[in-house]
Amino acid sequence: GSSLAGAPRGASLPAVPPELSPDRAPVTLYPQRRRTIVLALVSAVFVVVGALAAADGAAIGWAAVGFFGLCLLVFLALLLPGAAFLRLDHEGFTICSLFRPGRVRWRARSLSGVDGGLPDTYGLEAEELAGLLNVWRDRYA
């Protein structure tokens, strides 16, 4: 079968930091808060700029307030405990985004499309996360 990183299953797998090892199951990863805070601040700036433009009569200002206001609410919600995580365990992994969990079992026929669907890389490089998921899958599938 194919792997998350595109390497054949059973190929040489990357070294996994001890704190992320399958031996430590379950392991939970969280999105980087700093990035979410920066995105919330950028959204807040655009809300203010949009409000100033709307006050001068520009209709596009209201569109900016609406769009970036929604973005701001989403980013603030993602900062709440339990809003977003990736939990790895013996049976598979749970992806939670905006308090909505989704479950994928290691024994699924194909995980090849999952990497494009993850909402975050949880503080890892994309290749590192794919390698980590491959290690866990090879251990428990």
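The values are calculated or read from the model by the stated rules, or taken from the named source; none is laboratory data. These figures come from a predicted structure and were not determined experimentally. Positions of Cβ are backbone-derived with ideal geometry, glycine not excepted, and every protein chain shown enters the neighbour counts. The accessibility values were calculated without ligands, DNA or RNA, using every heavy atom of the protein model including side chains. Shrake-Rupley method; radii C 1.70, N 1.55, O 1.52, S 1.80 Å.
Condition check: open to solvent by less than 60 Å² (accessible area, probe 1.4 Å), within 28 Å of Ala130 (Cβ to Cβ), assigned to a loop (DSSP other than H, G, I, E, B) and out of contact with any helix residue (DSSP H, G or I) (no Cβ under 7 Å at 6 or more places or on another chain). Does Gly82 satisfy that? Answer is yes for this residue.
Residue count for the stretch 40-64 under the criterion of being open to solvent by less than 40 Å² (accessible area, probe 1.4 Å) and assigned to a helix (DSSP H, G or I): the result is 9.
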